[in-house]
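A.B. asks: Below you will find the structure I want to go over with you.
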Amino acid sequence: MKEKKDKIIKTVLVTGATSGIGKATATLFAKNGYNVIMTGRRAAKLKELKSYLTGKYGVDIVSLCFDIRNYEEVVKAVNSIKRKYKKIDVLVNNAGLAKGLSPVHEGKLEDWETMIDTNIKGLLYITRQISPLMVEANSGHIINVCSTAGHEVYPNGNVYSATKYAVDALTKSMRLDLYKHNIRVSQVSPGHVEQTEFALVRFDGDEKRAKIYDDFTPLTSKDVADTIYYIASRPKHVNIQDVLIMSSQQAGSNFINRNGRIV
């Protein structure tokens with residue numbers, strides 16, 4: 001009789017898990033038996049999600065409340081889990097946002113800095129803390145959430161697109177740095193996605209302006225989470241480097257069929 005092997009439980013760290021793609025991703029990994037480390041700035045939302053995932057899936061959930069734009073806070077948060085989680089199997093760099101939709105000569109400096117600090121520096125800060133653990137383990141997978149805006153620009157998307165082009169470049173560069181350590185580096189680049197706070201944040205809470213999906217059917221946060229999990233669950237010898245994913249009504253950043261939602 002063959003001995004029954006204990007199931008190997010893996011650990012995923014998802015940034016920006018309080019809503020949207022991050023929340024859907026944390027939920028899907030928990031559903032599939034992963035221990036989940038979730039980060040975000042809103043303690044109440046992290047607490048609520050932790051309670052739900054723990055109760056529903058019985059996995060180990062750790063919530064870390066900090067601002068990913070602050071390097072000292074990132075270091076402190078990661079140090080708080082290093083003793084227990086010396087091996088993090090998957091890092092999902094999801095935290096990101098768009099602020100404003102103005103031509104460059106009318107852009108707000110505060111919005112620019114928020115996007116640069118979150119989308120580029122925040123990704124770098126957490127990667128700098130987690131990647132050495134993966135190098136030490138000679139194993140790991142980093143999945144960056146980019147955007148179609150990191151592959152083609154659109155009017156008034158200037159700085160947001162610039163930050164996502166940076167994510168695309170960093171993904172490629174990180175892969176060259178880490179593949180010798182048996183670490184996979186992948187990227188998901190979604191187009192328009194609903195079930196997120198993306199549009200609401202971009203338009204500073206203006207719910208009327210944020211209603212940009214009424215006349216077509218975009219992706220959902222679950223669609224993107226499914227893609228992220230698919231990438232992470234491939235055999236160790238397979239690395240899906242980049243997935244460009246859009247709604248069937250979107251052919252590119254500047255081409256959307258707005259003739260009504262798919263029913």
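A.B. asks: Just one of (1) surrounded by fewer than 18 Cβ atoms within 10 Å (Cβ to Cβ); (2) in contact with a Pro (Cβ under 7 Å, 6 or more places away or on another chain) trips up V224, so point out which.
C.D. replies: Of (1) surrounded by fewer than 18 Cβ atoms within 10 Å (Cβ to Cβ); (2) in contact with a Pro (Cβ under 7 Å, 6 or more places away or on another chain), only one is false for V224: (1).
A.B. asks: When the range 38-94 is examined, which residues are found to be basic (K, R) and farther than 17 Å from V12 by Cα?
C.D. replies: Correct list: R41, R42, K45, K47, K56, R69, K76.
A.B. asks: Based on what the data block shows, is R83 crowded, with 16+ Cβ neighbours inside 10 Å and among the basic types (K, R)?
C.D. replies: Against the criterion (crowded, with 16+ Cβ neighbours inside 10 Å and among the basic types (K, R)), R83 does not qualify.
A.B. asks: Read through the list (1) at pLDDT below 95; (2) basic (K, R); (3) under 23 Å from F198 (Cβ atoms), then give the number of the only condition that R83 fails.
C.D. replies: (3) is the only condition that R83 fails.
A.B. asks: Output the number of the condition that R128 fails; it satisfies all remaining conditions of (1) in contact with a helix residue (DSSP H, G or I) (Cβ under 7 Å, 6 or more places away or on another chain); (2) surrounded by fewer than 19 Cβ atoms within 10 Å (Cβ to Cβ).
C.D. replies: Result: R128 passes all but (1).
A.B. asks: Moving on to the next point. Which pairs have Cβ atoms under 8 Å, sit 6 or more apart or on different chains, and link a residue in the range 153-182 that is under 17 Å from L91 (Cα atoms) and of a type outside the set (A, V, I, L, M, F, W, C) to one that is at pLDDT 95 or above and assigned to a helix (DSSP H, G or I)?
C.D. replies: Between residues of the range 153-182 that are under 17 Å from L91 (Cα atoms) and of a type outside the set (A, V, I, L, M, F, W, C) and residues that are at pLDDT 95 or above and assigned to a helix (DSSP H, G or I), the close pairs are D168/G150; H181/M134; H181/V135.
A.B. asks: Tell me the helices (runs of 4 or more DSSP H) entirely within the range 1-115 that contain at least 1 residues that are within 17 Å of the chain's Cα centre (by Cα) and of a type in the set (F, W, Y).
C.D. replies: Answer list for the range 1-115: 20-31.
A.B. asks: Hey, any hits in the range 204-225 for a residue that's in a loop (DSSP other than H, G, I, E, B) and under 15 Å from N144 (Cβ atoms)?
C.D. replies: Scanning the range 204-225, I find no residue that is in a loop (DSSP other than H, G, I, E, B) and under 15 Å from N144 (Cβ atoms), so the answer is no.
A.B. asks: Moving on. Taking the condition of being more than 26 Å from D223 (Cβ to Cβ) and not in a helix (DSSP H, G or I), how many residues in the range 127-164 meet it?
C.D. replies: So the count comes out to 2.
A.B. asks: Residue by residue through the range 171-195, note down the ones that are under 19 Å from the mean Cα position of the chain (by Cα), modelled with pLDDT of 95 or more and outside any strand (DSSP E or B).
C.D. replies: T171, K172, S173, M174, R175, G191, H192
Each row is one residue, and each column tells you yes or no for (1) polar (S, T, N, Q); (2) closer than 21 Å to G260 by Cα.
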position: R202; (1), (2): no, no
position: G205; (1), (2): no, no
position: I212; (1), (2): no, yes
position: T217; (1), (2): yes, yes
position: T220; (1), (2): yes, yes
position: A225; (1), (2): no, no
position: I231; (1), (2): no, no
position: P235; (1), (2): no, no
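A.B. asks: Further question on the same structure: Could you grab the pairs with beta carbons closer than 6 Å, sequence gap of 6+ or different chains, first residue in the range 213-230 and closer than 17 Å to V92 by Cβ and touching a residue at least 60 places away in the same chain (Cβ under 8 Å), second one of a type in the set (V, I, T) and assigned to a helix (DSSP H, G or I)?
C.D. replies: Here the result reads S221/I21; V224/I21; A225/T25; I228/T25, each pair linking the range 213-230 to a residue that is of a type in the set (V, I, T) and assigned to a helix (DSSP H, G or I).
The values are calculated or read from the model by the stated rules, or taken from the named source; none is laboratory data. Because the structure is predicted, anything quoted here is derived from the model rather than measured. All Cβ positions, even for glycine, are placed from backbone atoms using ideal geometry, and neighbour counts span all protein chains on display.
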